[in-house]
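For reference, the structure is listed below as C-alpha cells.
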Amino acid sequence: MQTRRRALAALITTAAMSLIASTAQAQTAKPVLNLFCWSEYVPEGVIKGFEKETGIKVNVENYDTNEKMLAKLLAGGAKYDLIQPSEYVVESLIKQAQLEPIDSAALENFKNLDPKSLNLEHDPGNKFSVPWMIGTVGIVVNTAKVKEEIKGYADVFNGKYKKRIVVLDDNREIVSWALATLGLPINDITAENLAKTKPIVKGWLKQVKAYDSDSPKTKFLKGDVDLGIVWSGEAALLWEANKGGGKFKYVLPAEGAHQFVDSLCIPKGAPHKDAAMKFINYILKPDVSKLISKDFPYTNPNLEARKLLKKEQLENPASYPAGEPKLDRFKDIGKAARDIDKMMTDLRSQ
Ligand code: N2P
C-alpha cells in the first residue's frame, strides 16, 4: 500500500512538473507568424511595425512566381501562416480545399477596402482571401533610347530591340502575351492554342536579354535594357525615379494585359491562425497600407489609405491607369499549367 501510494505521488509530481515546464515554455516562446510572400511587395517597415505592436515575430520567406509558391506550399514540409497568391491561384486553392476560411467580419479594418476589389469571381464573398494589391503587367519604354511608338507586344518584339529587353521570369505571363497577340483568350490553354503560341514565343525569347520577376527596374536604371514587360509597381517606381515627366513610360499593351489581384490567404492547417488574422487586420489600417503604397506603388484597394496618398502617387499612370485599358484576369487552368511549363522549358533550353 505504502509503495503504491509513493509511486502514485511520484507520478503526480512528474506530471505536475512537466505541466509547469510546458506552461513556462509557452510563456517564454515568442509568438510567431510565418509569412510566405512575393519579393519586393511587403515593406520591411511594415513587418517591423507589426512586430512592435503585437510582439509577434514574423519569419519572412519570398517567392517570385505563384507556381513556385504553390509547389512549396503543396509539398507540405514548411508550415506557412499566410501566403499571397494571385487571383487564379486563390481560385485553385479554394477548389482544392487548401485554404482556411477568413471571417472578414472579425477584421475591424476590412471596411476600408474598395467594394470593387471585393467579391470577385475567384473568391465570391471573400470567404478565403483579402486583397493586398492590384496591378497590371505592361510595357516599360525608355523613351530616351526607343524613339518609335511602342503600343503593344508586337512592337516590343519587332526585332529592332534584340537583347535590350527584360521580361518577367514567368511562364504563364509570357504565354498570355503570345495568346493576346494572336487575339486568343488568355485563359484558353488548349494544346491547339499552345501550339500556335510556340513559334511566336520562340522568336521573342531570342530577343530577350534578361528574365527578372524580382526587380526588373534595376536593369533599366543600370542601362542594361531599354524595353521591358514587367509588373506595374516596378514601372511606377521607374516613373517616380524620373520625377514623373521623364524617360520611362508605362504602356498597357493594345492587345490586352493581365490585371492581377494579389491577396492574403491562410493555408489549411496554418499553425498560427490568430497571428495571421492580426497581420491581415494590421495591413488594412490606412496608415500602414499607405506605407505599402509608398514602397510598392501598385493599385491600392484600400480606399481609406488612398485618401492619405500624395497627389503625385495617385497621378502615377502605372499605379492608377487612366482610361479603359483592355484588361483580363487569369483563371485557374488546372493541369494545363504543366503544358505551359513544358513548352517554355523546351523553348528556353533551345
Ligand atoms: C511584386 C510582385 C508583383 C505581384 N514583386 C505579381 N502578382
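How many residues does the range 70-109 hold that are among the hydrophobic types (A, V, I, L, M, F, W, C) and either assigned to a loop (DSSP other than H, G, I, E, B) or closer than 27 Å to Val288 by Cα (or both)? Quick ask: steps written out before the conclusion?
Initial filter on the range 70-109 (among the hydrophobic types (A, V, I, L, M, F, W, C)): 70-71, 73-75, 78, 82-83, 89-90, 93-94, 97, 99, 102, 105-107.
Now narrow it down to the ones that are either assigned to a loop (DSSP other than H, G, I, E, B) or closer than 27 Å to Val288 by Cα (or both): 75, 78, 82-83, 89-90, 97, 99, 102, 105-107.
Selection size over the range 70-109: 12.
If the Cβ limit is 9 Å and pairs must be 6+ apart or interchain, which residue in the range 285-304 that is under 15 Å from Ser263 (Cβ atoms) pairs with which residue that is acidic (Asp, Glu) and more than 13 Å from the ligand (Cβ to nearest atom)?
Ser289/Glu304; Asn300/Asp114; Pro301/Asp114; Asn302/Asp114
When you scan the range 295-326, how many residues do you find that are surrounded by 15 or more Cβ atoms within 10 Å (Cβ to Cβ), among the small types (Gly, Ala, Ser) and either modelled with pLDDT under 95 or more than 17 Å from Pro131 (Cβ to Cβ) (or both)? Talk me through it step by step, then tell me what you get.
Of all residues in the range 295-326, those surrounded by 15 or more Cβ atoms within 10 Å (Cβ to Cβ) come to 295-306, 308-309, 313, 316-321, 325.
Applying the additional criterion that residues be among the small types (Gly, Ala, Ser) yields 305, 318-319.
Checking the rest, the ones that are also either modelled with pLDDT under 95 or more than 17 Å from Pro131 (Cβ to Cβ) (or both) come to 318.
Selection size over the range 295-326: 1.
From the list Glu148, Glu121, which one is surrounded by fewer than 20 Cβ atoms within 10 Å (Cβ to Cβ), in the same structural domain as Ile94 (by TED's automatic domain parsing), modelled with pLDDT of 95 or more and touching a Lys or Arg at 6+ places or on another chain (Cβ under 8 Å)?
Glu121
Suppose we keep only residues that are surrounded by 13 or more Cβ atoms within 10 Å (Cβ to Cβ) and over 20 Å from Leu113 (Cα atoms) within the range 327-338. Which one would you say is nearest to the chain's Cα centre (by Cα)?
Looking only at the range 327-338, we keep the residues that are surrounded by 13 or more Cβ atoms within 10 Å (Cβ to Cβ), and these are 327-333, 336-337.
When the remaining residues are screened for being over 20 Å from Leu113 (Cα atoms), the result is 327-328, 330-333, 336-337.
On the way: Leu327: 17, Asp328: 16, Phe330: 13, Lys331: 15, Asp332: 15, Ile333: 18, Ala336: 21, Ala337: 18 Å.
It comes out as Phe330.
If Met343 satisfies every condition in (1) surrounded by fewer than 18 Cβ atoms within 10 Å (Cβ to Cβ); (2) in a helix (DSSP H, G or I) but one, which is the exception?
It fails just one condition, (1).
Spot the failing condition for Tyr250; the list is (1) surrounded by fewer than 21 Cβ atoms within 10 Å (Cβ to Cβ); (2) within 21 Å of the chain's Cα centre (by Cα); (3) not assigned by TED's automatic domain parsing to the domain that holds Tyr63, and only one is missed.
All conditions are met except number (1).
Which residue pairs have Cβ atoms under 6 Å apart, sit 6 or more places apart or on different chains, and have a first residue in the range 213-239 that is assigned by TED's automatic domain parsing to the domain that holds Leu252 and in contact (Cβ under 8 Å) with a residue 12 or more places away in the chain and a second that is polar (S, T, N, Q) and within 16 Å of the ligand (Cβ to nearest atom)?
Here the result reads Asp214/Ser39; Ser232/Thr136; Ala236/Asn316; Ala236/Ser319; Trp239/Asn316, each pair linking the range 213-239 to a residue that is polar (S, T, N, Q) and within 16 Å of the ligand (Cβ to nearest atom).
Report, by residue number, each residue of the range 46-64 that is of a type in the set (Ser, Thr, Tyr), within 16 Å of His272 (Cβ to Cβ) and part of a strand (DSSP E or B). Steps first, answer last, please.
Taking the range 46-64 as the starting set, the residues that turn out to be of a type in the set (Ser, Thr, Tyr) are 54, 63.
Remaining after also requiring within 16 Å of His272 (Cβ to Cβ): 54.
None - no residue of the range 46-64 is of a type in the set (Ser, Thr, Tyr), within 16 Å of His272 (Cβ to Cβ) and part of a strand (DSSP E or B), so the list stays empty.
Counting only residues that are within 14 Å of the ligand (Cβ to nearest atom) and of a type in the set (A, V, I, L, M, F, W, C), give me the helices (runs of 4 or more DSSP H) lying completely in the range 167-242 with at least 3 of them. If you could, list the steps in order and put the result at the bottom.
Working: elements: 171-181, 191-205, 216-221, 232-241.
Of the helices (runs of 4 or more DSSP H) lying wholly inside the range 167-242, those with at least 3 residues that are within 14 Å of the ligand (Cβ to nearest atom) and of a type in the set (A, V, I, L, M, F, W, C) span 232-241.
Looking at the range 166-184, is at least one residue farther than 27 Å from Ser263 by Cβ, surrounded by fewer than 18 Cβ atoms within 10 Å (Cβ to Cβ) and more than 26 Å from the chain's Cα centre (by Cα)?
yes
The values are calculated or read from the model by the stated rules, or taken from the named source; none is laboratory data. Worth saying up front: this structure is predicted, and the values here are computed from it rather than measured. Quick reminder, even Gly has a Cβ in these numbers, built from the backbone with ideal geometry, and neighbours come from all protein chains shown.
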